[in-house]
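J.: Below are the structure tokens for one structure; questions will follow.
Just so you know, all these numbers are worked out from the coordinates, no wet-lab data involved. Keep in mind it's a predicted model, so treat the numbers as computed, not measured. When we count neighbours, we look across all protein chains shown, and the Cβ atoms used for this are built from the backbone with ideal geometry, even at glycine.
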Amino acid sequence: MDVITILKEATDLCATDIFIVAGLPLSYKINGVIQEKDQDKLFPPQTEELVRGIYELANQRDFSEFSNKGDDDFSFSIKGISRFRVSTYKQRGSYAAVVRVIAFFLPKPEDLGIPDAVINLTYFNKGMILVTGPAGSGKSTTLACMIDHINSERRSHIITLEDPLEHLHMHKKSIVSQREICTDTQNYVTALRASLRQSPDVILLGEMRDYETINVAMTAAETGHLIISMLHTIGAANTIDRVIDVFPPNQQNQIAMQLSMVLDAVVSQQLVPNIEGKQIPVFEIMTVTPAIRNMIRDGKVHQIDGMVYSSSGENTISMDSSLLKLFKQGSITEKTALHYATNPEMLAKKLK
């Protein structure tokens, strides 16, 4: 089977990921479950042939550089099929790849299960919005929907810094400049600093990975730009602690003060199985209030989760409240709600 046939089949099956690994059959992840295509195991010569085929499709990308380094990340499109994000790597001396399938066109947020409260966060004109959650929870799709909403509603300059580029945005009301790390620019920090001289209104930062990137991002938020980024954390308090803990201890009080002024909202999301076995997103939303700003500034971050948990407003809702709502709607089972809950004991009482 050739690469294009595999990519087309995965797209037709609505797979999210394709696994090409020696010693295992070709596998697809569908609705969060990895399924083997057939019983035939792939051998190293076959995985090398498939990986080389992917590099040929990706505008003849340099395979020899990957062969020397052992890791590579990139994205490419095939007209009439889909867009793909690829992570190639070596394992046990053989070539392997995991390919993420990305739709050409973004569905409407409501069709994806993204609530209006998340999309409406884009009406902030400045500050920082963080979208968080474990790997593979749909953060990139949520960010893309937020950018698309700004693009459709406002006349702005949107700069996206991604590694690699995932969803491609057409210019609508806004100008959208999409920059890929290592292809269009050296790294996040260099690109982020340069973007401040490119008259941006909104900057999408693919990921805040280190001290220097977070430091520049917070400065950009302070100077009147809207920064939208992601972190691999779960929960508002954990996210805030993660940002502060990146800095040296002697700077953390100052950073807490700075963060309390620029942070607008933290969105945490997970993908959970519904009663039909399909993956649907569930969200925790914390919109920053004066009381929360005081907690961040005064080092009382641990109290934030309690405030979010007890909130019943649309702009601030806990993960467990979202799970309870899905359960009452008949979308998920009680077992699923409790499995993904942040406080299973408390949620169990509400479910009864």
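J.: Under 8 Å for C-alpha pairs, at least 6 residues apart: give me the relative contact order for the chain, rounded to a whole percent.
T.: Relative contact order here is 13 percent.
J.: Another one. Taking 35 Å as R0, compute the FRET efficiency from the Cβ-Cβ separation of Lys349 and Arg297 and round it to 0.05.
T.: 0.55
J.: So how do Tyr211, Tyr123 line up by other beta-carbon neighbours within 10 Å, fewest first?
T.: So the residues, fewest neighbours to most, are Tyr123, Tyr211.
J.: Then there is this: Pairs Lys139/Lys300; Lys37/Lys90; Lys328/Lys349; Lys325/Lys349; Lys29/Lys328; Lys278/Lys325: which exceed 20 Å Cα-Cα?
T.: In this structure, Lys139/Lys300; Lys37/Lys90; Lys29/Lys328 lie more than 20 Å apart at Cα.
J.: For the chain, what is the convex hull volume of its Cα atoms per residue in Å³?
T.: 154
J.: Please sort by residue number the GluC sites (Glu not before Pro) in the stretch 244-352 whose DSSP state is loop and whose Cβ has at most 12 other Cβ atoms within 10 Å.
T.: Loop-located and lightly packed - Glu276, Glu314.
J.: Please list, or write none, the aspartates and glutamates whose alpha carbon is within less than 17 Å of the alpha carbon of Lys41, excluding same-chain residues fewer than 8 places away.
T.: Once the sequence-local aspartates and glutamates are set aside, what remains near Lys41 is Asp2, Glu49.
J.: While we're looking at this one, here's another question. Quick check on packing: order 255-263, 315-323 by the mean number of other C-beta atoms within 10 Å, highest mean leading.
T.: 315-323, 255-263
J.: For the stretch 3-102, calculate the relative contact order in percent as a whole number, restricting contacts to Cα pairs under 8 Å that are 6 or more residues apart.
T.: Here the relative contact order equals 28 percent.
J.: While we're looking at this one, here's another question. Would you please give the FRET efficiency between Ala194 and Glu222, computed as 1/(1 + (r/R0)^6) with r the Cβ-Cβ distance and R0 = 22 Å, to the nearest 0.05?
T.: 0.80
J.: Under a straight-distance cross-link criterion of Cα-Cα below 23 Å, which lysines are reachable from Lys173, leaving out those fewer than 8 residues away in the same chain?
T.: List returned: Lys108, Lys126.
J.: When the Cα centres of the stretch 248-304 and the stretch 333-352 are compared, how far apart do they sit, in Å?
T.: Cα centres, the stretch 248-304 to the stretch 333-352: 21 Å.
J.: Would you work out if the stretch 25-74 is rounded, prolate or oblate? Take a ≥ b ≥ c from the square roots of the eigenvalues of the alpha-carbon gyration tensor; rounded if a/c is under 1.5, else prolate when a/b is larger than b/c, oblate otherwise.
T.: Since a/c reaches 1.5 and a/b is larger than b/c, the shape of the stretch 25-74 is classed as prolate.
J.: Still on this model: Determine which aspartates and glutamates satisfy two conditions relative to Lys335: a Cα distance under 18 Å, and not lying fewer than 8 residues away in the same chain.
T.: Those aspartates and glutamates meeting the cut-off are Glu276, Asp320, Glu345.
J.: Return, for the Cα atoms of the stretch 109-317, the radius of gyration and Dmax in Å, separated by a comma.
T.: When restricted to Cα atoms, the stretch 109-317 yields Rg and Dmax of 16.4, 51 Å.
J.: Still on this structure, please answer the following. Starting from the Cα of Glu9, step 7 Å along the direction of its Cβ; do the same at Val33; then give the gap between the two resulting points in nm.
T.: Modelled inter-label distance: 1.9 nm.
J.: Taking the Cα centre of the stretch 109-317 as origin, sum charge times position over the Cβ atoms of Lys and Arg (+1) and Asp and Glu (-1), and report the length of that vector in debye to the nearest 20.
T.: 500
J.: Next question, about the same structure. Counting each DSSP H run of 4 or more residues in the chain as -39500 (n - 2.57), what helix-only mean residue ellipticity at 222 nm follows after dividing by all residues, to the nearest 500 deg cm²/dmol?
T.: -10500 deg cm²/dmol
J.: Among Ser177, Ser199, what is the fewest-to-most ranking by other Cβ atoms within 10 Å?
T.: So the ranking, lowest neighbour count to highest, is Ser199, Ser177.
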